[in-house]
Amino acid sequence: MSAIVIQASMFLLSLSLLIVLHELGHFLPAKAFKTRVEKFYLFFDVKFSLFKKKIGETVYGIGWLPLGGYVKIAGMIDESMDTEAMSQPPKPWEFRSKPAWQRLIIMLGGVTVNFIVALLIYIFASFYYGDADISTSSIKDGYWVTNPVFTELGVQTGDNLRAIDGVTYENYSDLRRNMITAERFTLERDGQPINIELPVDFLGKLSTGEDLSFFELRIPFLVGSVPDSSINAQSGLEKGDILKRINQTEITYFDEAIAALEENTGREVAAVVLREGRPVDLTLNISEDGKLEIQPGGTYKQFEEMGFFQIVQKKYGFFESFSVGAKKFSNQLGGYWLQLKKIFTPSTGAYKGVGGFKAIFDIFPDTWSWQQFWSITAFLSIMLAVLNLLPIPALDGGHVMFLLYEMVSGRKPSDKFMEYAQMAGFFILLALIVFANGNDIYKALTK
């Protein structure tokens, strides 16, 4: 199966699962409160459906437009804008006839299920897979830094990132995740601490730059394969070789090899590689663009065995996994709220990095991994819940906002007002979708 098919399959499976569960969160309390549900759809059925079947009073189906899904609840002003039905006298089984507290539970059902799904995934993934991460304390010679957003702040390759906003992190993945919402870094260079205050628009620059790298791990230059078309196909270079010297330049890390290659573009150089623990002298050719024309290789496990860093593996008991999963859930939720806050603060420039369906598609790997699939799905479940809570009339949060107003004031907004609000919310939501996916298109065209 090709990489693009695998990536697309994981993307569609994850979104379909989350959409169905979200809509089920509305469907079940609606049925519990004896509210008629007319439709339950995965994707939107504009003009026609790919599949539909009526069971009882509900039509279940799959639409052709994969932009979400919906349940159509009788007597509710929603995206269907069924004004004809709303002009009739309220029926006992309709949404608008139910007490405000029941309507509130129905509207909060979708986001509640999404939060529960994310929490359960984190719990059971912790129990089944455990955790494997790179210990930050085991990283000896700092990080590889090439992103201009960092280098313009004075960060250099070899700097060790010790703290983010005054907090130290034991795991490399935690460090990378919290870097996105950082306001201050504490580095260590030559044994001395360096504090770097990040500009207000740091996240905007980081998310819109051509170089999307962070503080990357420094790894060896290990040969994965030498293509037959390579200028070094006849050089004697073999899979598994580790580049250790170019001319008189000693090489330990990949970034050092890149610098040495760029200094010798278009030349033939004397090189030393390590092969099965023994040094081997070779003569290598470097292309005009500073390449050996080989495929790098190696795995984190191999690099750990070479002593570049330490992988910490943890296994959790069944009951222990509940607290571990809950902590992962709360950290991810808190981190996403911070990102959302920065996105809605124009001065940060974070809105420039907002992505649509392509951005979501790109976070899925191109090789099948159930562990990564569930991790990404848990994050998307949180994202879907949080976004649906935004107080926009076309979203669950908009309906909740009006219901809370009704419960506090004792006055129910008129159906006509709700129709206008729904229409306004729909256009706001449409504008956000166009903006997010427009960002994807812009980035693709300007790469």
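Suppose we filter segment 140-156 for residues that are in a loop (DSSP other than H, G, I, E, B) and open to solvent by 50 Å² or more (accessible area, probe 1.4 Å); how many remain?
Adding up the residues that qualify gives 6.
Kindly provide the set of residues from segment 142-185 that are polar (S, T, N, Q), farther than 26 Å from Ala259 by Cα and touching a strand residue (DSSP E or B) at 6+ places or on another chain (Cβ under 8 Å), ordered by number.
Selection gives Thr168, Asn171, Ser173, Asn178.
This table checks each residue for (1) modelled with pLDDT of 95 or more; (2) touching a helix residue (DSSP H, G or I) at 6+ places or on another chain (Cβ under 7 Å); (3) among the basic types (Lys, Arg).
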| residue | (1), (2), (3) |
| --- | --- |
| Ser229 | no, no, no |
| Ile242 | yes, no, no |
| Thr265 | no, no, no |
| Gly290 | no, yes, no |
| Gln295 | no, no, no |
| Thr299 | no, no, no |
| Gln302 | no, no, no |
| Lys314 | no, no, yes |
| Ser323 | yes, no, no |
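Quick one: in segment 398-412, of everything that is open to solvent by 50 Å² or more (accessible area, probe 1.4 Å) and either touching a Pro at 6+ places or on another chain (Cβ under 9 Å) or on the phi > 0 side of the Ramachandran plot (or both), which residue is modelled with the highest pLDDT?
Among those residues, the one meeting the criterion is Met401.
Looking for something surrounded by fewer than 14 Cβ atoms within 10 Å (Cβ to Cβ) and in contact with a strand residue (DSSP E or B) (Cβ under 7 Å, 6 or more places away or on another chain) - is there at least one such residue anywhere in segment 209-223?
No, segment 209-223 contains no residue that is surrounded by fewer than 14 Cβ atoms within 10 Å (Cβ to Cβ) and in contact with a strand residue (DSSP E or B) (Cβ under 7 Å, 6 or more places away or on another chain).
Name the residues in segment 367-397 that are among the small types (Gly, Ala, Ser) and open to solvent by 10 Å² or more (accessible area, probe 1.4 Å), would you?
Hits for segment 367-397 are Ser369, Ser375, Ala394.
When you check Val400 against the structure, is it out of contact with any Lys or Arg (no Cβ under 8 Å at 6 or more places or on another chain) and under 23 Å from Lys327 (Cα atoms), yes or no?
no
Please identify the pairs in which a residue from segment 32-61 that is open to solvent by 30 Å² or more (accessible area, probe 1.4 Å) and modelled with pLDDT of 90 or more has its Cβ atom under 6 Å from the Cβ atom of a residue that is not in a strand (DSSP E or B) and not acidic (Asp, Glu), counting only partners at least 6 apart or on another chain.
Sorted first by the residue in segment 32-61, then by its partner, the pairs are Phe33/Lys98; Phe33/Gln102; Arg36/Ala74; Arg36/Trp93; Glu38/Ala74; Glu57/Arg36.
It is to be established whether one or more residues within segment 188-200 are open to solvent by 40 Å² or more (accessible area, probe 1.4 Å), in a helix (DSSP H, G or I) and among the polar types (S, T, N, Q).
There is no residue in segment 188-200 that is open to solvent by 40 Å² or more (accessible area, probe 1.4 Å), in a helix (DSSP H, G or I) and among the polar types (S, T, N, Q).
Would you confirm, using the coordinates I've provided, whether Ala359 is under 30 Å from Glu94 (Cβ atoms), in contact (Cβ under 8 Å) with a residue 40 or more places away in the chain and hydrophobic (A, V, I, L, M, F, W, C)?
Considered against the rule, which asks whether it is under 30 Å from Glu94 (Cβ atoms), in contact (Cβ under 8 Å) with a residue 40 or more places away in the chain and hydrophobic (A, V, I, L, M, F, W, C), Ala359 comes out as no.
Okay, residues lined up against (1) at pLDDT 95 or above; (2) among the hydrophobic types (A, V, I, L, M, F, W, C):
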{"site": "Val113", "(1), (2)": "yes, yes"}
{"site": "Ile116", "(1), (2)": "yes, yes"}
{"site": "Tyr122", "(1), (2)": "yes, no"}
{"site": "Ser126", "(1), (2)": "yes, no"}
{"site": "Ser137", "(1), (2)": "no, no"}
{"site": "Thr146", "(1), (2)": "no, no"}
{"site": "Phe150", "(1), (2)": "no, yes"}
{"site": "Leu153", "(1), (2)": "no, yes"}
{"site": "Gly166", "(1), (2)": "no, no"}
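Given the condition in contact (Cβ under 8 Å) with a residue 24 or more places away in the chain and either closer than 24 Å to Leu430 by Cβ or in a loop (DSSP other than H, G, I, E, B) (or both), answer yes or no: does some residue in segment 324-338 qualify?
Yes, that holds for at least one residue.
Name the residues in segment 124-182 that are in contact with an Asp or Glu (Cβ under 7 Å, 6 or more places away or on another chain) and at positive phi, would you?
Gly142, Gly158, Asp165
Pairs only if they're at least six apart or on different chains, beta carbon under 8 angstrom, first in segment 397-414 and in contact (Cβ under 8 Å) with a residue 60 or more places away in the chain and under 11 Å from Leu104 (Cβ atoms), second open to solvent by less than 50 Å² (accessible area, probe 1.4 Å) and part of a loop (DSSP other than H, G, I, E, B); list them, first residue then second.
That search, which allows pairs on different chains as well, returns His399/Pro393; Glu406/Pro413.
Please work out which residue is most open to solvent (accessible area, probe 1.4 Å), limiting yourself to segment 339-355 and to residues that are in a helix (DSSP H, G or I) and aliphatic (A, V, I, L, M).
Within segment 339-355, the match that is most open to solvent (accessible area, probe 1.4 Å) is Ile343.
Report the residue count in segment 122-139 for those that are in contact with a strand residue (DSSP E or B) (Cβ under 9 Å, 6 or more places away or on another chain), of a type outside the set (A, V, I, L, M) and either within 21 Å of Thr181 (Cα to Cα) or open to solvent by 10 Å² or more (accessible area, probe 1.4 Å) (or both).
Within segment 122-139, residues that are in contact with a strand residue (DSSP E or B) (Cβ under 9 Å, 6 or more places away or on another chain), of a type outside the set (A, V, I, L, M) and either within 21 Å of Thr181 (Cα to Cα) or open to solvent by 10 Å² or more (accessible area, probe 1.4 Å) (or both) number 5.
The values are calculated or read from the model by the stated rules, or taken from the named source; none is laboratory data. As the structure is a computational prediction, the values presented were derived from the model and not from experiment. Don't worry about glycine lacking a Cβ; one is built from the backbone with ideal geometry, like all the others, and counts go over all protein chains shown. All accessible areas refer to the heavy atoms of the entire protein, side chains included, with ligands and DNA or RNA removed. Shrake-Rupley method; radii C 1.70, N 1.55, O 1.52, S 1.80 Å.
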